[in-house]
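Student: The structure follows.
The values are calculated or read from the model by the stated rules, or taken from the named source; none is laboratory data. These figures come from a predicted structure and were not determined experimentally. So basically every Cβ, Gly included, is an ideal-geometry build from the backbone, and we count neighbours across all protein chains shown.
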Amino acid sequence: MKWALFRSGEVEIDPTCRTLTRNGTPIQPPRKVLDLILFLVRSRGVVVSRESIEEEIWPGVCVSKASLRWLLKEVRRCLGDNGSDQRYIETARGYGLRWVADVEVIERELDAIAGLHIGGAPLPRPPLVDDTGSEAGSRCAALIRVAESQLRAGKFNEARSALLSAAEITEVIAGHESPSAGSSDGPAERAVSAR
């Protein structure tokens with residue numbers, strides 16, 4: 001399974017985990033802000049009309065121009081951009097918005113991210129826990145949140161995909177927590193022997 005990231009300038013966006021980093025610093029944008037960033041990145045180079053943005057970000061809801069202006073201001077703030085420089089998002093007056101920065105799409109195999117080699121002997125696995133806690137566990141939790149929001153939005157295929165990715169990460173975590181090959185004591189045997 002592929003894991004795609006978008007890198008544009010100093011910004012990296014992970015649409016699956018719904019994370020954004022700028023200069024390596026994690027930023028926690030509101031959901032609609034990240035939705036607009038992803039919509040513009042996926043439509044890069046094309047002017048996206050206000051109506052298209054409203055339909056994508058607020059489906060079936062009538063939105064004021066002030067809401068869209070606020071959203072664009074927040075997007076630019078998260079990106080470290082502004083209306084005069086327009087390094088990432090260009091305003092095409094009277095037409096809409098266009099993502100103008102170069103975008104590098106980085107695709108990785110999910111197993112490669114988890115530290116496994118597909119179709120051969122396993123490679124040494126990097127630790128799943130870093131200084132800030134369990135990275136794999138955080139990704140899994142983020143994928144479950146994505147699946148939940150996709151279900152609420154009626155996007156069942158996207159929810160299924162996020163849940164399958166979370167399940168694969170869970171398998172990797174379970175593999176790290178399993179007893180060593182020389183030990184036959186599973187959880188049940190350890191519980192019995194502890195009594």
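Student: Looking at region 93-105, can you tell me whether even one residue there is more than 18 Å from the chain's Cα centre (by Cα) and part of a helix (DSSP H, G or I)? Let's see the steps before the verdict.
Tutor: Step one: filter region 93-105 for residues more than 18 Å from the chain's Cα centre (by Cα), giving 93-102.
Retained after the next criterion (residues that are part of a helix (DSSP H, G or I)): none.
Within region 93-105, not a single residue is more than 18 Å from the chain's Cα centre (by Cα) and part of a helix (DSSP H, G or I).
Student: Considering every residue within region 25-36, establish whether at least one is in contact (Cβ under 8 Å) with a residue 60 or more places away in the chain, surrounded by 15 or more Cβ atoms within 10 Å (Cβ to Cβ) and not in a helix (DSSP H, G or I).
Tutor: As a first pass, look at region 25-36 and keep what is in contact (Cβ under 8 Å) with a residue 60 or more places away in the chain: 31.
Subset that is surrounded by 15 or more Cβ atoms within 10 Å (Cβ to Cβ): none.
So far as region 25-36 goes, no, none of its residues is in contact (Cβ under 8 Å) with a residue 60 or more places away in the chain, surrounded by 15 or more Cβ atoms within 10 Å (Cβ to Cβ) and not in a helix (DSSP H, G or I).
Student: Of the residues Val47, Val63, Val75, which is hydrophobic (A, V, I, L, M, F, W, C), in contact with a helix residue (DSSP H, G or I) (Cβ under 6 Å, 6 or more places away or on another chain) and more than 30 Å from Ala166 (Cα to Cα)? Give the steps one after another, and end with the answer.
Tutor: Numbers: Val47 fails: in contact with a helix residue (DSSP H, G or I) (Cβ under 6 Å, 6 or more places away or on another chain); Val75 fails: more than 30 Å from Ala166 (Cα to Cα).
None of the other options fit; the residue is Val63.
Student: For the list (1) in contact with a helix residue (DSSP H, G or I) (Cβ under 6 Å, 6 or more places away or on another chain); (2) at pLDDT 90 or above, I need the number of the one condition that Met1 fails.
Tutor: All conditions pass for Met1, except number (2).
Student: For region 4-28, how many residues are under 23 Å from Ala159 (Cβ atoms) and either at pLDDT below 90 or in contact with a Pro (Cβ under 8 Å, 6 or more places away or on another chain) (or both)?
Tutor: We begin by selecting, within region 4-28, every residue under 23 Å from Ala159 (Cβ atoms); these are 4-6, 13-20, 28.
Remaining after also requiring either at pLDDT below 90 or in contact with a Pro (Cβ under 8 Å, 6 or more places away or on another chain) (or both): 4-6, 14-20, 28.
So the count comes out to 11.
Student: Being surrounded by 13 or more Cβ atoms within 10 Å (Cβ to Cβ) and outside any strand (DSSP E or B) is the filter; apply it to region 83-92 and report the residue that is modelled with the highest pLDDT. Lay out the reasoning, then the answer.
Tutor: Here is the first cut: in region 83-92, the ones surrounded by 13 or more Cβ atoms within 10 Å (Cβ to Cβ) are 86-91.
Imposing the further condition that a residue be outside any strand (DSSP E or B) reduces the set to 86-88.
Values: Gln86: 86, Arg87: 91, Tyr88: 94.
That would be Tyr88.
Student: What pairs can you find where one residue is in region 39-55 and modelled with pLDDT of 90 or more, the other is among the acidic types (Asp, Glu), and their Cβ atoms are less than 8 Å apart, with a gap of 6+ or different chains?
Tutor: Phe39/Glu56
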